[in-house]
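Data block below; observations after.
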Amino acid sequence: MIKVGIIGSTGYAGGELVRILTGHKEAEIVWYGSRSYVNQRYAEVYRNMFQIVDAACMDDNMEELARQADVIFTATPQGLCASLVNEDILTETKIIDLSADFRIKDVSVYEKWYGIKHKSPQYIEEAVYGLCEINRADVRRARLVANPGCYTTCSILTAYPLAREGMIDMSTLIVDAKSGTSGAGRGASLPNLFCEVNENMKAYGVASHRHTPEIEEQLGYASGEKVVINFTPHLVPMNRGILATEYASLKKEVRYEDVKAVYDKYYQDEKFIRVLDKDVLPETKWVEGSNYVDINFKIDPRTNRIIMMGAIDNLVKGAAGQAVQNMNLMFGLDESEGLNLVPMFP
């Protein structure tokens, strides 16, 4: 059995990690870390875990945790993992970080967009960007994985095949995305109160959202050129889900069959990526609670543009599910172990 420790187990992503790992045949959670609830029973924090999880929450002592766990998930705010990781810990255990600390290779870009000093830049180059469908081979060899962000997972995978094949003008790419409120985390804040969110829809982080450089960097690797995008996220009054609608100019005239063939080239063997049938558009309700990404596209010959659409559950494929998928790869397991989650409906 893989012994698992979770730092930040009482946030939304941490709670989703616990939910998924309780159904994992090869993993056992040995440490429920939570700075806010030390010594409090986990099932008192998340009552859906009553008579399922008997353990109490512990602190974030990563040195001790590294001696007990084969892998540590850090589902924590930016900066914490970078402040705790060191060579002794990485010699003892593997780390899958759900924050942005090791996602961006240019430390100056990270510090600019996140507004904090990076505490362990020496590990940035080594860290593998854990977008499983793209970096699978590197993830298998990694001891430190940077789990991608939720918006970025959806945005990158939706456009990746066309960026990789040079079919779209990357200088024209616009990403318009909507997210449920769980993407903001579990901490109390005025903008996320029920009366602020309900019956409302709003853009936020306009021209400044922190996931922008992550999307640009990864699609830059795919296309082989510097990528600068417009990325605008929106908050919608639902618990879970991300829908990304992306627009780009085509480099040449294409048919539906041409584009479909490109998506199939990259994704037809990917268990968790579903390229939908023609004219069937992604919806968040059909991926909720699952590790699936639903993708489709529409060609607009009138404007010579293509509209690409993707939908994910932000807490599963956008966070905890992808983290478990990375763990499975790192330990040589079936990639889908613990993740055969049928989307919930209604």
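The values are calculated or read from the model by the stated rules, or taken from the named source; none is laboratory data. Since the structure is predicted, the reported quantities are computational estimates derived from the model, not experimental observations. Methodologically, a virtual Cβ is constructed for each residue, glycine included, from the backbone with ideal geometry; neighbour enumeration extends over all protein chains shown.
Here are some residues: Lys119, Lys105. Which one is outside any helix (DSSP H, G or I), charged (D, E, K, R), at pLDDT 95 or above and under 16 Å from Leu219 (Cα atoms)?
Lys105
Which of the residues belonging to region 121-142 are surrounded by 18 or more Cβ atoms within 10 Å (Cβ to Cβ), of a type outside the set (Asp, Glu) and in contact (Cβ under 8 Å) with a residue 12 or more places away in the chain?
Filtering region 121-142 down to residues surrounded by 18 or more Cβ atoms within 10 Å (Cβ to Cβ) leaves 123-124, 127-135, 139, 142.
Narrowing further to those that are of a type outside the set (Asp, Glu): 123-124, 127-132, 134-135, 139, 142.
Scanning region 121-142 gives Tyr123, Ile124, Ala127, Val128, Tyr129, Gly130, Leu131, Cys132, Ile134, Val139, Ala142.
Evaluation of Ile116 against the conditions (1) surrounded by 22 or more Cβ atoms within 10 Å (Cβ to Cβ); (2) more than 15 Å from the chain's Cα centre (by Cα); (3) among the aliphatic types (A, V, I, L, M) shows that the sole unmet condition is (1).
Just one of the listed residues (Pro237, Pro282) is surrounded by 19 or more Cβ atoms within 10 Å (Cβ to Cβ), in a loop (DSSP other than H, G, I, E, B), out of contact with any His (no Cβ under 7 Å at 6 or more places or on another chain) and not hydroxyl-bearing (Ser, Thr, Tyr), namely Pro282. From the list Asn296, Asn239, Asn314, Asn340, the one residue that fits, being free of Cβ contacts under 8 Å to residues at least 24 places away in the same chain and within 17 Å of Ala177 (Cβ to Cβ), is Asn296. Find the residue count for region 55-81, including only residues that are surrounded by fewer than 17 Cβ atoms within 10 Å (Cβ to Cβ) and assigned to a helix (DSSP H, G or I). Result for region 55-81: 4.
Take Ala203 and decide whether it is among the aliphatic types (A, V, I, L, M) and touching a residue at least 60 places away in the same chain (Cβ under 8 Å). Taking the combined requirement at face value, the residue does not satisfy it.
Residue-wise test of (1) outside the structural domain of Ala177 (by TED's automatic domain parsing); (2) within 22 Å of the chain's Cα centre (by Cα).
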{"position": "Lys265", "(1), (2)": "no, no"}
{"position": "Ile273", "(1), (2)": "no, yes"}
{"position": "Pro282", "(1), (2)": "no, yes"}
{"position": "Thr303", "(1), (2)": "no, no"}
{"position": "Ala320", "(1), (2)": "yes, yes"}
{"position": "Pro343", "(1), (2)": "yes, yes"}
{"position": "Pro346", "(1), (2)": "yes, no"}
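Buried (at least 16 other Cβ atoms within 10 Å of the Cβ) and either β-branched (Val, Ile, Thr) or outside any loop (DSSP other than H, G, I, E, B) (or both): which single residue out of Ile95, Ile52 fits that description?
Working: Ile52 fails: buried (at least 16 other Cβ atoms within 10 Å of the Cβ).
Matching residue, one of Ile95, Ile52: Ile95.
For Ala142, only one of the following conditions fails: (1) in contact with a strand residue (DSSP E or B) (Cβ under 8 Å, 6 or more places away or on another chain); (2) modelled with pLDDT under 95. What is its number? Result: Ala142 passes all but (2).
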